[in-house]
Amino acid sequence: MMGDLTGRVAIVTGGGSGIGRACCKVLAEYGAAIVAADINLEGAQKTADDIVAAGGKAYAVSVNVMELESVQNLMKTVSEKSGRIDILVNSAGILDPTRLPDMTVERWDRMIDINLRGTFFCCQQVVPYMEKNKKGAIVNITSQAGQVGGWMAGVNYSASKGGILALTKALARHCGPLGIRVNDVAPGQIATEMTAGRGDKPDGIAVGRLGTAVDVANAVYFLASDLSDFCTGMTVDVNGGQFMRS
Ligand SMILES: NC(=O)c1ccc[n+]([C@@H]2O[C@H](COP(=O)([O-])OP(=O)(O)OC[C@H]3O[C@@H](n4cnc5c(N)ncnc54)[C@H](O)[C@@H]3O)[C@@H](O)[C@H]2O)c1
């Protein structure tokens, strides 16, 4: 079947919760062997356990994406244990609702360090492993907030996600000749642990509901598989029609 991921190894950062966990499960359903990587090892282990219980292949690895050495260890561990790396999904991230007047240097730096620098480190460090196979797919999770500004998110969050949009395009140019595609998915309002308790309503969403983590994971699957072989440097919007491009 075109789009089958059997024999491929997929690392999902943020795989211990929400969208990352859904990506792990959807990619596993299509046959990929999953590495759920998260700073919350307990959450990542639960993801891996669920996949193994459903008949798939998975294990968990602890990583702090903002630390270069930790990211290098992740790639080395997976390469040694699984023999190859085919897919990287960067879903690790934090949200911060701090309003403009209250934004501090610490909050700004922490956001950029985790969401943007963390995504960069993972992309940079996975490329040599994918290059060996002359093939690879990287999918970064950005956000509608990075495209049009966030309603409920701080300016630091929107800036980090806008940075990921630009990073993805720059990497796509560099990695295309290496056989590696780099794309991103821009979720709108998705009900996950990250947004729980915010009281989000489907105002302005054409389909009339909030998104689910699986809605996002299905788009990630498309970009991670050979179904999107001619797609790179692009963004798939998963927002129920809340933001439509001209
Ligand atoms: N939920 C939404 O509405 C929404 C919308 C747009 C974009 N996003 C993006 O989707 C991604 C996933 O969000 P989610 O809703 O699943 O959130 P979540 O909080 O459920 O999951 C995020 C995961 O990232 C992990 N993480 C945080 N810091 C880390 C670090 N330094 N190193 C490794 N792992 C770390 C957390 O432990 C957690 O498991 C994020 O990048 C988020 O910005 C979410």
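The values are calculated or read from the model by the stated rules, or taken from the named source; none is laboratory data. None of these values were measured; they are calculated from a predicted model. Virtual Cβ from ideal backbone geometry, glycine too; neighbours counted across all protein chains shown.
Quick look at the numbers
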| item | result |
| --- | --- |
| Residues located in segment 19-39, provided they are charged (D, E, K, R) and within 16 Å of Thr119 (Cα to Cα) | Asp38 |
| Residue among Gly211, Gly188 that is within 27 Å of Asp4 (Cβ to Cβ) and at pLDDT 95 or above | Gly211 |
| Sole exception among (1) touching a residue at least 40 places away in the same chain (Cβ under 8 Å); (2) surrounded by fewer than 16 Cβ atoms within 10 Å (Cβ to Cβ) for Ile114, by number | (2) |
| Flag for Asp109 being part of a helix (DSSP H, G or I), under 30 Å from Arg198 (Cβ atoms), among the acidic types (Asp, Glu) and modelled with pLDDT of 95 or more | yes |
| Meets criteria (within 28 Å of Gln189 (Cβ to Cβ) and either out of contact with any strand residue (DSSP E or B) (no Cβ under 6 Å at 6 or more places or on another chain) or within 11 Å of the ligand (Cβ to nearest atom) (or both)) for Asp4 | no |
| Of residues in segment 137-160 being small (Gly, Ala, Ser) and surrounded by fewer than 21 Cβ atoms within 10 Å (Cβ to Cβ), the one nearest to the ligand (Cβ to nearest atom) | Gly150 |
| Selected residue [within 27 Å of Leu165 (Cα to Cα), touching a residue at least 24 places away in the same chain (Cβ under 8 Å) and either more than 16 Å from the ligand (Cβ to nearest atom) or outside any loop (DSSP other than H, G, I, E, B) (or both)] from Ile51, Ile11 | Ile11 |
| Search result, residues across segment 214-234 that are within 14 Å of Ala186 (Cα to Cα), buried (at least 20 other Cβ atoms within 10 Å of the Cβ) and either β-branched (Val, Ile, Thr) or more than 15 Å from the chain's Cα centre (by Cα) (or both) | Val216, Val220 |
| Number of positions in segment 168-196 that are more than 22 Å from Asp96 (Cβ to Cβ) and in a helix (DSSP H, G or I) | 10 |
| Tally of residues being away from the ligand (no atom under 12 Å from the Cβ) and under 15 Å from the mean Cα position of the chain (by Cα) across segment 182-213 | 2 |
| Test: Ile19 is surrounded by 24 or more Cβ atoms within 10 Å (Cβ to Cβ), more than 16 Å from the ligand (Cβ to nearest atom) and under 14 Å from the mean Cα position of the chain (by Cα) | no |
| Odd one out for Val216 among (1) over 23 Å from Asp4 (Cα atoms); (2) within 15 Å of the ligand (Cβ to nearest atom) | (1) |
| Selection count where residues are in contact with a Ser or Thr (Cβ under 9 Å, 6 or more places away or on another chain) and loosely packed, with under 15 Cβ neighbours inside 10 Å, scope segment 89-106 | 1 |
| Pairs with Cβ under 6 Å, 6+ apart, first in segment 197-225 and in a helix (DSSP H, G or I), second of a type outside the set (A, V, I, L, M) | Ala213/Gly18; Ala213/Thr192; Val216/Pro187; Ala217/Cys23; Val220/Cys23; Phe222/Ser228; Leu223/Asn183 |
| Hits in segment 82-106 - residues which are within 15 Å of the ligand (Cβ to nearest atom), under 24 Å from Ala196 (Cα atoms) and of a type in the set (A, V, I, L, M) | Val89, Ala92, Ile94, Leu95 |
| One residue from Val52, Val63, Val127, Val78 being touching a helix residue (DSSP H, G or I) at 6+ places or on another chain (Cβ under 6 Å) and not polar (S, T, N, Q) | Val63 |
| Residue ID - farthest from the chain's Cα centre (by Cα), chosen from residues in segment 22-47 that are assigned to a strand (DSSP E or B) and of a type outside the set (Asp, Glu) | Ala33 |
